[in-house]
Ligand code: 5GP
């Protein structure tokens, strides 16, 4: 069985990545989504174990110390991290795994898993981003400003990603994500057996 592919996705907060990934998961049953741990408080409607593992700073530090975090980063005053166990298990089972993380964690993953595929999702404009952030209605003005500043800094990191997907029309953005996955899976180096198997067959 071939090993799954690690798809690392970053986008400024409220860039619309949740909607794109939701649709991608609906279309592709082989995908698995990593559930991160965070010290931030849950937003309305968010569930422990589904959207995040909401834990205390102390619990988070313990997970780091025990080596259970693949990567972690501080973002707008809170810690976010990727639990290692489920990812290694899914990949070895042949599932493709999506990590939805910010850019500092993204840089760590690139070093740890060089054959991961990275995608940066951008909003079509800064105006749209601000509108989405405000429309969510879950953050106060200070946090909105911090998230907008952070978004500008994050856009500067897009150059380190393999692909950029513009989140304008949802259908197009999801098609783009699927196209990336499909072509990445056809790369020679991911499955040299496709050719080696042919060469190993007995001559007619
Ligand atoms: P939010 O608070 O809006 O849910 O997430 C804030 C930022 O943290 C987003 O950019 C999101 O992608 C990122 N994030 C979520 N989980 C992780 C994680 O496990 N590791 C890192 N480095 N960033 C994460």
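The values are calculated or read from the model by the stated rules, or taken from the named source; none is laboratory data. Not measured: the values here are computed from a predicted model. Positions of Cβ are generated from backbone atoms using ideal geometry, with glycine treated the same way; all protein chains shown enter the neighbour counts.
Once segment 109-135 is narrowed to residues that are farther than 30 Å from residue 187 by Cβ and in contact with a helix residue (DSSP H, G or I) (Cβ under 9 Å, 6 or more places away or on another chain), the residue that is nearest to the ligand (Cβ to nearest atom) is 133. Screening residue 53 against (1) under 28 Å from residue 149 (Cα atoms); (2) part of a strand (DSSP E or B); (3) touching a residue at least 60 places away in the same chain (Cβ under 8 Å); (4) more than 9 Å from the ligand (Cβ to nearest atom) leaves a single unmet condition, (3). When the test is whether a residue is within 9 Å of the ligand (Cβ to nearest atom) and either within 24 Å of residue 22 (Cα to Cα) or assigned to a helix (DSSP H, G or I) (or both), residue 106 passes it.
Quick one: in segment 64-88, of everything that is over 28 Å from residue 2 (Cα atoms) and within 11 Å of the ligand (Cβ to nearest atom), which residue is modelled with the lowest pLDDT?
Selected residue: 76.
Filtering segment 29-48 to residues that are surrounded by fewer than 16 Cβ atoms within 10 Å (Cβ to Cβ) and either more than 14 Å from the ligand (Cβ to nearest atom) or part of a helix (DSSP H, G or I) (or both) leaves 29, 30.
Of the helices (runs of 4 or more DSSP H) lying entirely inside segment 117-204, the ones with 2 or more residues being closer than 15 Å to residue 10 by Cα are found at 141-155, 170-185. Number of residues in segment 50-60 that are surrounded by fewer than 15 Cβ atoms within 10 Å (Cβ to Cβ) and over 20 Å from residue 138 (Cα atoms) equals 4.
Just to be sure, is residue 8 over 23 Å from residue 132 (Cα atoms), within 12 Å of the ligand (Cβ to nearest atom) and surrounded by 15 or more Cβ atoms within 10 Å (Cβ to Cβ)? Spelling it out, it is not the case that residue 8 is over 23 Å from residue 132 (Cα atoms), within 12 Å of the ligand (Cβ to nearest atom) and surrounded by 15 or more Cβ atoms within 10 Å (Cβ to Cβ).
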